[in-house]
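Structure record follows, encoded as structure tokens.
The values are calculated or read from the model by the stated rules, or taken from the named source; none is laboratory data. This structure is a prediction, so every number in the text was calculated from the model and none was measured. Positions of Cβ are generated from backbone atoms using ideal geometry, with glycine treated the same way; all protein chains shown enter the neighbour counts. What goes into the accessible areas is simple: the full protein's heavy atoms, side chains included, and nothing from ligands, DNA or RNA. Shrake-Rupley method; radii C 1.70, N 1.55, O 1.52, S 1.80 Å.
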Amino acid sequence: MTVVAYVMGGILSVAAALALYRAVRGPSILDRVLALDVVLAIIGAALVLNMVVNRHLDNLILLVTISLIGFIGSVTVARFVTDRK
Amino acid sequence: MNRRHIPLITELPLVIWLVLVWGALWQDFSPGNLVFGALIAYVVVNFFYLPPVELTGRFSVLWLVPFLGRFLLQLVTASVQVFWLAVTRGPTLRNAVVAVALRSHSDFLVTATGHAISLIPGSLVLEVDRSTSTLYLHCLNVASVEDAEAVRRDVRATEAWLIRVMGSSRDLAALRAEEASR
Amino acid sequence: MVHDVVVSALLIGGALMSLAAGIGLVRFPDLLSRMHAATKPQVLGLLLLLLALAVDNRSWILVPVLVLCWVFQLLTSPVSAHMVGRAGYRTRHLRRDLLTLDELDDVVARAADGDHGGPGRTDAPDGGAGGDRT
């Protein structure tokens, strides 16, 4: 199980690095929002990994909260984006 | 308080859903907890007013199970496909914006169809035209007019499934007639 | 033993879906194609991760909250994808040279030509030229 934890941690780190690259580079604010949404999803995946490895269930409520925060965040930004660049 | 009074039966599905959410969040489905949840749900529904969602009044569990199976299968194949495209094709991708005219004119069913196809990777709802129930989709990896036609057929098949699961009886009759004439 | 293998496979599968999102974000050419890579594989990814959690714990009381978590994602992710996608289309954040056909553009052009009031009025073309309503 420890091996799996390390492998998955590695994959998630690479994914987070790629998403952060897009968040820094991203030409428009929508690109950045999208990239940060992915970072949130990766944080959620890390929370699940933490729960499986350490055998507890304390993060479940965080998982629900994170998906709602991501939703509200991207909808809010998309709502207020105009063609001013 | 000059809002239109909503009959209890219309908001009942919402109340039941909120009670289930309450029970799931507490991880406790004992009667006492559910009754308290129902009380809170009733207050929430009446205090935070939402326009009532008009359901079609028909729901078939018999069709729901195969629909979910088809949905999961599409989800898996399309996710793998997007992964593959990202690795192999990358910047040389061709996309298209495709208009798909749906059969049903019920807002609920158009929303459900839009949701289902947005969840399946490769298609994304950009705009909805309510007057003609036309969805404008952005589709990944569409290189020719034939591909666009395939997307259109696929979306209309998804809508047909949703009509079978929860379409109004009029939509269902129209669907049956369409299938019989083919 | 079998149980551990299943949990591991589900966990790795879920992580790979995040990786797909990351690779897609970096490699796809414009905002709307990145949207596909970013939001969609996560739906399957979260499902796999929650399944891993359920298999690992083997308790039925956990299932409702996991289902709830997934259903929340099913309800919210298409809405946010639609909002971002629509804002992206209206503010011209897509590369038209990559589109093989654009049937919405025709509608927008036709609506921009003349007045389109009356019963046949559509929601789609409004502000299509640049999100002037927001």
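Using alpha carbons only, how many degrees (0 to 90, rounded to 10) separate the axis of helix A:60-80 from the longest principal axis of chain A?
10 degrees
Averaged over its residues, how many other protein chain Cβ atoms are within 10 Å of peptide A:57-67's Cβ atoms?
Per-residue shielding by partner chains comes out at 4.
Rounding to the nearest 10 and keeping the result within 0 to 90°, find how far the Cα-based axis of helix B:145-166 lies from the longest principal axis of chain B.
For B:145-166 against chain B, the angle is about 20 degrees.
Add -39500 (n - 2.57) for each DSSP H run of 4 or more in chain B, then divide by its residues: what number comes out at 222 nm, to the nearest 500 deg cm²/dmol?
Computed mean residue ellipticity for chain B: -21000 deg cm²/dmol.
Would you kindly find the accessible area of C:M83, with a 1.4 Å probe and non-protein molecules such as ligands, DNA and RNA excluded, rounding to the nearest 10 Å²?
So the heavy atoms of C:M83 present about 40 Å² to solvent.
In degrees from 0 to 90, rounded to the nearest 10, what is the angle of the helix B:61-88 Cα long axis to the longest principal axis of chain B?
50 degrees
Show me you know the interface measure: the accessible area buried between C and B, both chains summed, probe 1.4 Å, in Å² to the nearest 100. Working shown, then result.
Details: alone 9260 and 12230 Å², together 17230 Å².
That pair hides around 4200 Å² of surface in total.
Over the protein assembly as shown, how many percent of alpha carbon pairs lie in each 20 Å bin up to the one with the longest distance?
25, 57, 18, 0
Please work out the average accessible area per residue across the protein assembly as shown, using the 1.4 Å probe convention, and give it in Å².
Accessible area per residue: 49 Å².
With a 1.4 Å probe and every protein chain kept in, tell me what percent of the accessible surface of the protein assembly as shown is carbon plus sulfur.
Carbon and sulfur: 67 percent of the exposed surface of the protein assembly as shown.
With charges set only on the Cβ (+1 for Lys and Arg, -1 for Asp and Glu), what does the dipole of chain B come to about its Cα centre, in debye to the nearest 20?
Using Cβ point charges on Lys, Arg, Asp and Glu, chain B gives about 180 debye.
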